[in-house]
Amino acid sequence: MAKKPYYITTAIAYTSGKPHIGNTYEAILADAIARFKRKQGYDVFFQTGTDEHGQKIQEKAEAKGVTPQAYVDKIAGEIKDIWDLVGTSYDKFVRTTDEYHTQQVAKMFKKFYDQGDIYKGYYEGMYCTPCESFWTESQLVEGKCPDCGREVKPAKEEAYFFKMGKYADRLIEHIEKHPEFIQPVSRKNEMMNNFLKKGLQDLCVSRTSFTWGIPVEFDPKHVTYVWMDALSNYITGIGYDVDGNHADAYKKYWPADLHLIGKDILRFHTIYWPIFLMALGEPLPKQVFGHPWLLQGDGKMSKSKGNVIYADDLARLFGVDAVRYFVLHEMPFDNDGSITWELVTERFNTELANVLGNLVSRTVAMIDKYFGGTVEKSLPANEEEPDAEFKSTVTGAVAKVIAKADELRIADAISEIFTLFRRANKYIDETMPWALAKEEAKKGRLNDVLYNLAEAIQIGASLLDSFMPETAKKIFAAYGGETRNLEDCAKFGLRESVTVTATQPLFARIDFKNIAPEIEKIRAEQAAEYAKEMASAQPATKENADMGATSEEKEGEKTPEITFDDFVKVELKVGEIIACEAVPKSNKLLKETVKFGSEIRTVVSGIAKHYKPEEMVGKKVVFVTNLAPRKVCGILSEGMILAAEDETGTLSLVSPEKDIASGTRLG
């Protein structure tokens, strides 16, 4: 019987820079789903890749003095390396600079124009370069981009527009008839109420202010704008042809079973993309799942904050499967998750080292010690308490895992597997093999207990191998077996005997203080890299007099009174200076890299005449931390150091009387 096809995609990663662990989470999640679907017997096609056109790419390439193609080749290679590092088993890595893709997008644009879906006009509004999005004044949030919160600039240019409203009613009808189309349900409600039912504006689909894009063939001063280009990868990557000469893969796998994307780009995938498909006359994907964000602590990762965590750094300290376990298990279904170095360490020790690693190691050790490495199949007739209940828990796990995975509740599926492992640890405590080993008459019972444990571990590993494949392989190697299909995971006692091989611990416990220096080094390097980027992004400007650390009160001038409410608006925190250097072309400014708890910031202070850079390192000083960031000599300063200066010109930094943790707030 032919396998049922299953097509899953991730959003394609934008080649503006190295993806952090929040971006990488999506690739790992898609991989886990793809692997589990293969285990269920599906013919899976898993596609991921990179989005490589746009104004931001062109500007970054120009800043580095390379061509846009050379720039995206490098970044796409880095992204692919990270996806490979974390074990993603993709079948196709598509790039929007691939020749086939660019040809088909150009054809799509012409098709839409010929059938009256696209017209030429002018776009005038506020433009966000990082998001490559135009906004009206009413759409801005506090005058800034509603998506990323960055500055926007007024812009006007000739552009082609797609008539979104032409297909809106049809899309609303589709969503209402297919409640599974947008998941989770909260995301569906957001798209319907906030966008579709309020009326759709026509969508800008070309640009003339930059050249790095797919040219519009009949009007070459225009290039295709981001979303028509990027979204089309889901069909061009499997051989869609505008002229109807589709590849076999397209005929087999489209419509996609699942588009897995971040919640921040849900609008593009559930409104723009379906409408493009309707205009092409193609079926809509079966489901779009907008997963939540993985936050650093309680905030988004940001280079400017020095709190970005990358998958390769995590893998170097904890191992790839530990990274996979954390992001898959710690991310809630429809709420944002949290990652910190401390939290990863805690989960590594309590879940991976204690629950799983210890179970695998001590069971191997007992089989080796008491039976020379081999135990025989236990017979149902020899069952004692609590064998029957234990076996039922083990064989019942597969149905629970399947049910959770089918709902895309991967964290819950993994929890069910670890419930099995916890039950196995409890079984050891209940049966006390070490006590049985003391009596020769109970050797048969000891064999049965250890066989039951080995069988449970192999079933657990077979369920785990979609989520932690390398760990599962190590378990199979230790227990002389191989992965079981899901049907066999519901059966206990398939092997006549089990022979074990001693193995290194799967997860050796980690003392956080031993890896803390490496983490601080990573943070400091990030802060230095970000400061370098900021300095190179803008030429040096005249020093701003108000960026110094001091303020001289003129004789006879009285400081105005403020209310208590005014005072509490000022956020004062203790910061630890972990690096400091002089600002080039300035005899007044120092650039400090400051640690506030888990957050790293850059602060520029006018204190170079009073302190040398090397004197500043290690000091804990009070900073104002809620000042709006501003650039000084091309460096973004994210706070202000506090100091006092007397009439003789002696300056003293404001420091806490006792040693206190960085990040502590004053008040």
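Coordinate-derived values only; no laboratory data. The structure displayed is predicted, hence computed values, not measured ones. Please note: Cβ atoms are built from the backbone with ideal geometry, for glycine as well, and neighbour counts cover all protein chains shown.
Structure above, values below:
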| read-out | value |
| --- | --- |
| Helix-only mean residue ellipticity at 222 nm for the chain, each DSSP H run of n ≥ 4 adding -39500 (n - 2.57), per residue, nearest 500 | -12500 deg cm²/dmol |
| Cα-based radius of gyration of region 40-125 once divided by 2.2 N^0.38 Å, which approximates compact folds | 1.45 |
| Cβ-based charge dipole, region 303-441, positive-most Cα from Ala311, Leu420, Thr374 | Ala311 |
| Identified option (computed Rg/Rh (Cα atoms, Kirkwood Rh); candidates [x] 0.96; [y] 1.01; [z] 1.04) | [z] |
| Solution diffusion estimate, µm²/s, Stokes-Einstein, region 340-499, Kirkwood Rh from C-alpha pairs, 4 °C, viscosity 1.567 mPa s | 81 µm²/s |
| Ranking of Leu284, Leu464 by count of other Cβ atoms within 10 Å, fewest first | Leu284, Leu464 |
| Length released on extending from Leu486 to Glu520, taking residue separation times 0.36 nm less the Cα-Cα span | 7.9 nm |
| Cα shape, region 372-433, gyration tensor, a/c 1.5 rule | prolate |
| Inter-part distance where region 52-108 and region 491-505 are each reduced to a Cα centre, Å | 45 Å |
| Distance between modelled label sites at Glu384 and Lys197, nm, 7 Å Cα→Cβ extension | 6.4 nm |
| Estimated FRET transfer efficiency when R0 is 56 angstrom, pair Lys64-Ser415 (beta carbons, to 0.05) | 0.80 |
| Point-to-point label distance, Phe333-Lys442, nm (Cα→Cβ direction, 7 Å offset) | 4.3 nm |
| Calculated FRET efficiency for the pair Asp43/Arg170, C-beta based, R₀ 35 Å, to 0.05 | 0.70 |
| Point-charge dipole on Cβ atoms (K/R +1, D/E -1) for the chain, about Cα centre, debye to 20 | 840 debye |
| Those residues of region 422-452 whose amide nitrogen sits under 19 Å from the label point placed on Lys377, 7 Å along Cα→Cβ | 444-452 |
| Length released on extending from Lys612 to Thr211, taking residue separation times 0.36 nm less the Cα-Cα span | 139.7 nm |
| Exposure proxy ranking, count of Cβ atoms within 10 Å, fewest first, for Glu217, Glu385 | Glu385, Glu217 |
| Set of region 428-456 residues, backbone N closer than 13 Å to the point 7 Å along the Cα-Cβ line of Thr499 | none |
| Distance between modelled label sites at Asp511 and Glu529, nm, 7 Å Cα→Cβ extension | 3.0 nm |
| 15 Å reach of a label modelled at Glu190, 7 Å along Cα-to-Cβ, counting backbone N of region 303-343 | 332-337 |
